[in-house]
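Undergrad: Shown below is the structure under consideration.
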Amino acid sequence: MSPSAAGSARSGTLPEPQVQAMFDRIAGVYDLMNSVMTAGLHHRWRERAADMAALGPGDRALDVATGTGDLAIELSRRVGPQGEVVGSDFSEGMLELARRKAPELRFEHGNALALPYDDDSFDAASVGFGARNFSDLPQGLREMARVVRPGGRVVILEITTPERPPLSWFFRLWFDRVVPLLGRFAGDSDAYSYLPSSVRRFPNARGLGAAMSAVGMVDVRWLLTAGGIIAIHVGTVE
Ligand SMILES: C[S@@+](CC[C@H](N)C(=O)[O-])C[C@H]1O[C@@H](n2cnc3c(N)ncnc32)[C@H](O)[C@@H]1O
């Protein structure tokens, strides 16, 4: 990464080609780093997010910014063999790992800001730890709502900044000091400095809820878990 790109990474803003290149680069360590950083809890958060999509056997779901596919796999358990789950991402490095992990699912190249799917073509759309990376959040939300049929759900699983001590202190220590250090051991300190910065500049839970309502979703709700570090939002498409 060039010095100016490294500076942008630390500020939590990167142009799309650099986000894509960063995930291509860290794909090989991504799953392991998730397990180390969350003590394995990320699987439980994905289960809760998948539950909030309220899918049933035979349904169709889209997992946007699917990465190595873990949330798509969780959704596929709810739709069963009669249903279909598509995972979409713009990092071929991440998609390659997802395809190896779950060859029975469809993993396709696509930009979340211009999804290559028809209107109303899914019963639900989800994004796990991806919305924070969108260069235009309202556009990403509009696209997810567009491809979901009326009455279907949009689910967003994301890291959020706890506002009250002592968790806010722990969060700062963990994300600002420990995570970049772990990233250095994993061989990519810039990527894991970008992570806490991108969390800091992302809207808080109330702000994300408002952004979902602003693009026309209704019945927008969220739950906070992991002591307020993780937010799972759900909205219904009208
Ligand atoms: C932190 S990873 C999350 C992966 C996965 N959803 C998970 O739960 O672990 C973020 C993913 O978002 C993807 N991404 C970021 N912006 C994107 C965009 N505009 N279009 C498609 N994928 C995007 C990246 O390539 C990366 O795979």
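The values are calculated or read from the model by the stated rules, or taken from the named source; none is laboratory data. What you see is a predicted model; the values in this text were computed from it and never measured. Backbone-built Cβ (ideal geometry, glycine too); neighbour counts: all protein chains shown. For the accessible areas, the whole protein counts, side chains as well, though only heavy atoms, and no ligand, DNA or RNA atoms are used. Shrake-Rupley method; radii C 1.70, N 1.55, O 1.52, S 1.80 Å.
Undergrad: For segment 182-207, enumerate the residues that are under 23 Å from Trp222 (Cβ atoms), of a type in the set (Ser, Thr, Tyr) and more than 15 Å from the chain's Cα centre (by Cα).
TA: The answer is Ser197, and nothing else.
Undergrad: Could you please find all residues in segment 212-235 being at pLDDT 95 or above and over 16 Å from the mean Cα position of the chain (by Cα)?
TA: Ser213, Ala214, Val215, Gly216, Met217, Val218, Asp219, Val220, Arg221
Undergrad: On the given criteria, is Leu105 free of Cβ contacts under 8 Å to residues at least 60 places away in the same chain and either charged (D, E, K, R) or over 18 Å from Gly152 (Cα atoms) (or both)?
TA: Yes.
Undergrad: On to the next question. Given the conditions (1) farther than 28 Å from Val29 by Cα; (2) away from the ligand (no atom under 16 Å from the Cβ); (3) open to solvent by less than 30 Å² (accessible area, probe 1.4 Å), which single one is not true for Ser168?
TA: (1)
Undergrad: Kindly check whether there is at least one residue in segment 183-196 that is touching a residue at least 24 places away in the same chain (Cβ under 8 Å), in contact with a strand residue (DSSP E or B) (Cβ under 7 Å, 6 or more places away or on another chain) and more than 15 Å from Met52 (Cα to Cα).
TA: No, there is no match, as no residue in segment 183-196 is touching a residue at least 24 places away in the same chain (Cβ under 8 Å), in contact with a strand residue (DSSP E or B) (Cβ under 7 Å, 6 or more places away or on another chain) and more than 15 Å from Met52 (Cα to Cα).
Undergrad: Go through segment 16-110 and tell me which helices (runs of 4 or more DSSP H), entirely inside it, have 3 or more residues that are open to solvent by 50 Å² or more (accessible area, probe 1.4 Å).
TA: Numbers: elements: 16-38, 42-52, 70-79, 92-101.
Answer list for segment 16-110: 16-38, 42-52, 92-101.
Undergrad: Return the residue satisfying two criteria in turn: it lies in segment 134-151 and is more than 13 Å from the ligand (Cβ to nearest atom) and of a type in the set (Gly, Ala, Ser), and of such residues it is farthest from Glu16 (Cα to Cα).
TA: Gly151
Undergrad: While we're on this one: Say whether the condition of being within 14 Å of the ligand (Cβ to nearest atom) and open to solvent by 30 Å² or more (accessible area, probe 1.4 Å) is met by at least one residue in segment 119-133.
TA: No.
Undergrad: When you go through (1) closer than 26 Å to Gln139 by Cβ; (2) at pLDDT below 85; (3) open to solvent by 20 Å² or more (accessible area, probe 1.4 Å); (4) not polar (S, T, N, Q) one by one for Val178, which number turns out not to apply?
TA: Only one criterion is unmet by Val178, namely (1).
Undergrad: What about Val155, is it within 16 Å of the ligand (Cβ to nearest atom), in contact with a His (Cβ under 8 Å, 6 or more places away or on another chain) and under 25 Å from Tyr30 (Cβ atoms)?
TA: Values: within 16 Å of the ligand (Cβ to nearest atom): yes; in contact with a His (Cβ under 8 Å, 6 or more places away or on another chain): yes; under 25 Å from Tyr30 (Cβ atoms): yes.
For Val155, the condition - within 16 Å of the ligand (Cβ to nearest atom), in contact with a His (Cβ under 8 Å, 6 or more places away or on another chain) and under 25 Å from Tyr30 (Cβ atoms) - is met.
Let's see how each residue does on (1) out of contact with any strand residue (DSSP E or B) (no Cβ under 9 Å at 6 or more places or on another chain); (2) not charged (D, E, K, R):
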| position | (1), (2) |
| --- | --- |
| Arg77 | yes, no |
| Gly80 | yes, yes |
| Glu84 | no, no |
| Gly87 | no, yes |
| Phe90 | no, yes |
| Ala98 | no, yes |
| Arg106 | no, no |
| His109 | no, yes |
| Ala112 | no, yes |
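Undergrad: Here's something else I'd like to know. Quickly run through segment 214-231 and pick out the residues that are in contact with a strand residue (DSSP E or B) (Cβ under 6 Å, 6 or more places away or on another chain) and more than 27 Å from Ser168 (Cα to Cα).
TA: Across segment 214-231, the qualifying residues are Met217, Val218, Asp219.
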